[in-house]
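The values are calculated or read from the model by the stated rules, or taken from the named source; none is laboratory data. None of these values were measured; they are calculated from a predicted model. Using ideal geometry, Cβ is built from the backbone for each residue, glycine included, and neighbour counts are taken over all protein chains shown.
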Amino acid sequence: MSASLKRKLSNVLVYLVLFLLSVIFIMPVIFVVFTALKSNADLSANTFYSFPKELVWSNFAEAWNRIKHYMGNSLLISIVKVPLGILVNALAAFALTRLNFKWATGMFIFILIGMMVPMQATLVPLNMMLNAVNLNNTFPGIIFVYLGFGIPFGILVLRGFMLAIPRDLDEAAVIDGCNELDKFFRIIVPIAMPAIATLFILDFLATWNEFLLAQIFITKESMQPITAGLLSFQGQHSTNYTLLNAGVLISILPVMVVYVFFQKYLISGMVGAVKG
Amino acid sequence: MRLKAKILPWLFLFPALFIYLMVIVVPSLYSLVLSFFDWNGVSPDKKFVGLGNYIYLLTEDNVFQTALKNNLIWLVGSMTILIGLGLAFALILNRQLKGRVFFRSVFYYPYVLSGIVVAIVWSWMYHPTKGFITFFIEKIGLEKWATPWLSDPKTALYAVFIAAVWQGVGLPMVLFLAGLQSIPKEPYEAAVIDGAKPFQTFRYITLPLLRDTFVIVFATTMVGAMKVYDIIYGMTGGGPMNSTQVLSSWMYYQTFKYNFIGIGSAISWYLIFICLIVIVPYVIFISKRSHY
């Protein structure tokens, strides 16, 4: 067998494996699409993986009506939390990288330790604290908690990026008469935009997908975000699989849109973040 | 002026530090205090029991032992299967292939779904009469394996784990791909000239040069395995018969369903201890390499 034939064969084999794996990876979501488009009668007569007899698009409208308030809650929480978190973390990363701060390394490690504290260890005291200030079942309460858990990762990403920005820029800014706040907003933040964009996307996904904290601190059904909301939906309409599946698809739409359009940032960001 | 220069960093750091202290540091230390008490969360009398809760969990709480064992199974499974598959995918996709980006997206996209969505999606797959997996297993002639996987205590944990691999394999894959792409070409060219076999090249060039990536992948995977919660809660709720409880979920039940605050806090501190052992080397590694 010639070398080029051998290579061609091995390429065919690789494509075959990749194709089969792709089928495995896409299949579960395809079945969700099938189920979401079925009528209830179709679903109870047939399996979950059969193609719908007729396409019932109205399932989506009905599911949307039942989950739109969860989607709204998630959106509101994300829209406030994500930019606020980035501002807070960028200010901190600025202090840790550009202000000749004696405690910079110590503080960074102290904050990094937070990444290994499991959320579970904070739940009871946090619950007591939020109760004491009447912030349980409120958006400010859950946003405050989300901000806290976003800090170690956010600072890790932004500090890494800011460390790589050349010092000459700072000196030029000082000569131009900038104070530190000007330097932060006019020089460092614009240069750090790629890192900020990445963090924005990662943080949006993390906030949208968060479940445990939402489950504990938002017990009022009307205020639940989409993750907890989907479980409530499942609990209330446990027999209505078609609507639940339509709801699942609607709920992952924002995430998929972000994924498709910002994939490059997402992956490079994930890599950059863990590489520090 | 010098005083201002000293205070300034603290001003910039203040919002993050304040929130961090209030949300993570103070609560987790306070839960350490609570773990030494017998308390139901509302009654005014808290009874100090010292290490009583910790000893009770280790010696008398069977579910805690199951949870600990399940976390270990999850950890070993993640370290071998999840990382192994991630590396394999990365090696395949590191070749000059058409459609690389497409395949990479397909293997990575489940990672951006929430654990709850993955749990719901895979519950359909495992449905005992209508699910695809039952159908598939019967189709390939393994009828006796076609048990209701999620409701059988012997198989439930593994069934959830498969769903977790489907969700999570994209992350190690992407990290390994990045690592592979940062390896220079020269060692490989030299290896070809020296007549090295593909496996030898992999063993003596690729693996050693991926060392940094391995450290990161191991650390994130281990911590992820210790903290696993959403997908288990969503798929089985820790059942059937507590067979899929892990430390996180059992902590949730003890604390928020049964109101054993002290015991729940002790579970969470066991979790912290284990995570500490796992991640301290990682923190040292990261802080070392960012000094330049």
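So for region A:59-72 (the condition being more than 12 Å from A:Ala246 (Cβ to Cβ), exposed (fewer than 15 other Cβ atoms within 10 Å of the Cβ) and facing chain B (nearest Cβ under 10 Å)), does at least one residue qualify?
no
For the structure I just gave you, tell me whether A:Phe184 is over 30 Å from A:Pro118 (Cβ atoms), in contact (Cβ under 8 Å) with a residue 60 or more places away in the chain and within 12 Å of chain B (Cβ to nearest Cβ).
Details: over 30 Å from A:Pro118 (Cβ atoms): yes; in contact (Cβ under 8 Å) with a residue 60 or more places away in the chain: yes; within 12 Å of chain B (Cβ to nearest Cβ): yes.
Judged against the criteria, A:Phe184 is a match.
Tell me, please, whether a residue that is at pLDDT below 90, within 7 Å of chain B (Cβ to nearest Cβ) and not in a helix (DSSP H, G or I) can be found in region A:104-115.
no
Would you confirm, using the coordinates I've provided, whether B:Ser151 is under 27 Å from the mean Cα position of the chain (by Cα) and at the interface with chain A (Cβ under 8 Å from one of its Cβ atoms)? Give the steps one after another, and end with the answer.
On the way: under 27 Å from the mean Cα position of the chain (by Cα): yes; at the interface with chain A (Cβ under 8 Å from one of its Cβ atoms): no.
Against the criterion (under 27 Å from the mean Cα position of the chain (by Cα) and at the interface with chain A (Cβ under 8 Å from one of its Cβ atoms)), B:Ser151 does not qualify.
Any idea how many residues of region B:163-196 are of a type outside the set (Lys, Arg) and either in a loop (DSSP other than H, G, I, E, B) or without any contact (Cβ under 8 Å) to a residue 24 or more places away in the chain (or both)?
First pass over region B:163-196, keeping only residues of a type outside the set (Lys, Arg): B:163-184, B:186-196.
Among the residues that remain, those that are also either in a loop (DSSP other than H, G, I, E, B) or without any contact (Cβ under 8 Å) to a residue 24 or more places away in the chain (or both) are: B:169, B:182-184, B:186-196.
Adding up the residues that qualify gives 15.
Yes/no matrix, rows are residues, columns are (1) on the phi < 0 side of the Ramachandran plot; (2) within 11 Å of chain B (Cβ to nearest Cβ); (3) not in a helix (DSSP H, G or I):
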site	(1), (2), (3)
A:Leu199	yes, no, no
A:Leu202	yes, yes, no
A:Ile216	yes, yes, no
A:Thr219	yes, yes, yes
A:Ala228	yes, yes, no
A:Val248	yes, yes, no
A:Leu253	yes, no, no
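Within the group B:Ile277, B:Ile284, B:Ile232, B:Ile267, which residue is more than 8 Å from every other protein chain (Cβ to nearest Cβ), in a helix (DSSP H, G or I) and modelled with pLDDT of 90 or more?
On the way: B:Ile277 fails: modelled with pLDDT of 90 or more; B:Ile284 fails: modelled with pLDDT of 90 or more; B:Ile267 fails: more than 8 Å from every other protein chain (Cβ to nearest Cβ).
Going through B:Ile277, B:Ile284, B:Ile232, B:Ile267 in turn, just one is more than 8 Å from every other protein chain (Cβ to nearest Cβ), in a helix (DSSP H, G or I) and modelled with pLDDT of 90 or more: B:Ile232.
Can you find a residue in region B:251-264 that is in a helix (DSSP H, G or I), over 17 Å from B:Ser28 (Cα atoms) and β-branched (Val, Ile, Thr)?
no
Look at region A:25-56 and say how many of its residues are over 24 Å from the mean Cα position of the chain (by Cα), modelled with pLDDT of 90 or more and either surrounded by fewer than 18 Cβ atoms within 10 Å (Cβ to Cβ) or of a type in the set (D, E, K, R) (or both).
The total comes to 0.
Report yes if B:Ile24 is under 22 Å from B:Tyr270 (Cα atoms) and either of a type in the set (S, T, N, Q) or within 31 Å of the chain's Cα centre (by Cα) (or both), otherwise no. Let's see the steps before the verdict.
Numbers: under 22 Å from B:Tyr270 (Cα atoms): yes; either of a type in the set (S, T, N, Q) or within 31 Å of the chain's Cα centre (by Cα) (or both): yes.
So B:Ile24 fits the description; yes.
Which residue out of B:Leu51, B:Leu8, B:Leu57, B:Leu17 is more than 9 Å from chain A (Cβ to nearest Cβ), aliphatic (A, V, I, L, M) and more than 21 Å from B:Lys227 (Cβ to Cβ)?
Details: B:Leu8 fails: more than 9 Å from chain A (Cβ to nearest Cβ); B:Leu57 fails: more than 21 Å from B:Lys227 (Cβ to Cβ); B:Leu17 fails: more than 9 Å from chain A (Cβ to nearest Cβ).
Result: B:Leu51 is the single residue among B:Leu51, B:Leu8, B:Leu57, B:Leu17 that is more than 9 Å from chain A (Cβ to nearest Cβ), aliphatic (A, V, I, L, M) and more than 21 Å from B:Lys227 (Cβ to Cβ).
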